[in-house]
Structures are given as structure tokens and as C-alpha cells.
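Working notes for the structure below.
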Amino acid sequence: MNERTWERMGAVSGLTAAALLVAAFVVAPGAPGLDARPIIIARYLDEHRVEVLAASMLITLAVVAFLWFVAHLRHVLQRAEGGAEAFSPVVLVSGVSLATVCALSMVPLMALAKLTARPTALGEFEAVRVLYGMHQLSLGPIGLLTALFAVSTGAAMVRRELAGPWLGLLGMVVAVIGLVTGIGSFLATSSGIVMLLAYAMGIAFALWIAATSVIMILHPEVERITAAHGVFAR
């Protein structure tokens, strides 16, 4: 299998991750906010158990596909930077960290969906609140890691090391949305605002990854006639 084919496979993994993420948003029912009463959270999980588990599975599969895509980006950027190791390490570490936090954030929700069936004791309601809170509060780290991944990948695109400059500018927009979402999850008093920002960030991120993947499928980086110089290259 030649380099061009491998690159297209890596780009397809990004498109797959984006499609799975959008599908998860479509499947997932509107979730109550962190400030909802435990009985409301428990009722939501009981009534929408199948949808919650399906969305969790789709997000987990998206994480797996995204990891392949991140590894592909690392390979492409390392070659474009000529060993200078400028943006490629940041893209790799931020992408892997983002995928890890996203996967871990689904564990409390899946546990609640599978194990909680109309709790009645006060202690059980408190456990529901704590586990659901762990899931919701993960939006802070996810938002900040999304911002770091998008800004580092976007910067490489602007420097013409990957895809195209216009995609890099879109990446900067995604980074801003991620930064606002991440900081807002720590400071906002209304969980509704945080949830709205999270959905906007997820959709924007998925569309950006999808657009990047399509460009890389149609025009593999190995086909570039001239490679960009590394940031720190002499």
C-alpha cells in the first residue's frame, strides 16, 4: 500500500469521526442541566436509557476514529516541518488528550444509564447527582483541549503545512468557541448556557474536521510539489 493510499485512509478516519459525532448529537435527547434536581436527572436517564447509551457508543467510536486521524495529522505535519517539531507535537498531545477526556467523560453517564433504574433512597439520588455532575463538568477540560487542538492545527494550516489557510482560519474560530465553552463551564451560573455552547462547539468542531478530511482525501499531502519549511528550520 503506497503513501497516497495511507494518507487517504487517515483522512477518512477524520471524516468518520465527524460523522459519528454528529450522529451522536442527533441521537442524544436534550439533557437536563447540572442544576437540575436529582429526581429529574434520574427520570431523564430512565426514560431515555436507549438513546443515552446509543449516543455514548457513537461518541466512543468517534474517539477511536479521531485518534487515528490525529496520528495521521502528526505524520503529515512532521514531514511538512522537516523534523523541526513545531506544531506536530502539540497537535498530537492535544488531540490524544482531548480524545481521552471525551472517552472518560462518557463513563459516568453510561454507568448511570445502565445501572440506575428509578432510585428511591436519598443516598441513591445523591449518587446520581455526583456522577451526572462528573459528566457535565468534563465540558470545561474538553472545551479547553478543543481550543488547544484547533489553534495548533489551524496555525499549521495557515502556514500551509496542512490542507489550506482558509481551513486554518476556521480552526481559529473553533478554538475561540472551545475556549469560551471551557471557561464558561467554570464561570457560568446557568447550565443552559453551557449546554448551548457545548452543542455549538461540538457541531463546529465536527464540521471543521469533516471539511479538513474531505480536502485531504481529494488532495493528499504527499502530492504537494513543494513542502513548507519547518517553523524553526534554517
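Throughout, read-outs are computed from the coordinates displayed, never taken from laboratory work. Because the structure is a prediction, the values reported are computed rather than measured.
Figures for the structure shown
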read-out: Choice from Ala210, Ala198, Ala188 showing the highest fluctuation, given a GNM over the chain with Cα pairs closer than 10 Å; value: Ala188
read-out: Kyte-Doolittle mean at least 1.0, axial Cα span of 24 Å or more - DSSP H helices of the chain; value: 49-80, 88-115, 139-158, 165-187, 191-218
read-out: For segment 152-217, the fraction of alpha-carbon pairs in successive 5 Å shells from zero, as %; value: 4, 20, 24, 18, 14, 10, 7, 3, 0
read-out: GNM top mover of Gly143, Gly182, Gly164 - the chain, alpha-carbon springs below 10 Å; value: Gly164
read-out: Computed over segment 3-220: relative contact order in percent, which uses C-alpha pairs under 8 Å that are six or more apart; value: 27
read-out: Principal semi-axes in Å for segment 3-220 [√(5λ), Cα gyration tensor, largest first]; value: 35, 17, 13
read-out: Computed over segment 144-185: relative contact order in percent, which uses C-alpha pairs under 8 Å that are six or more apart; value: 48
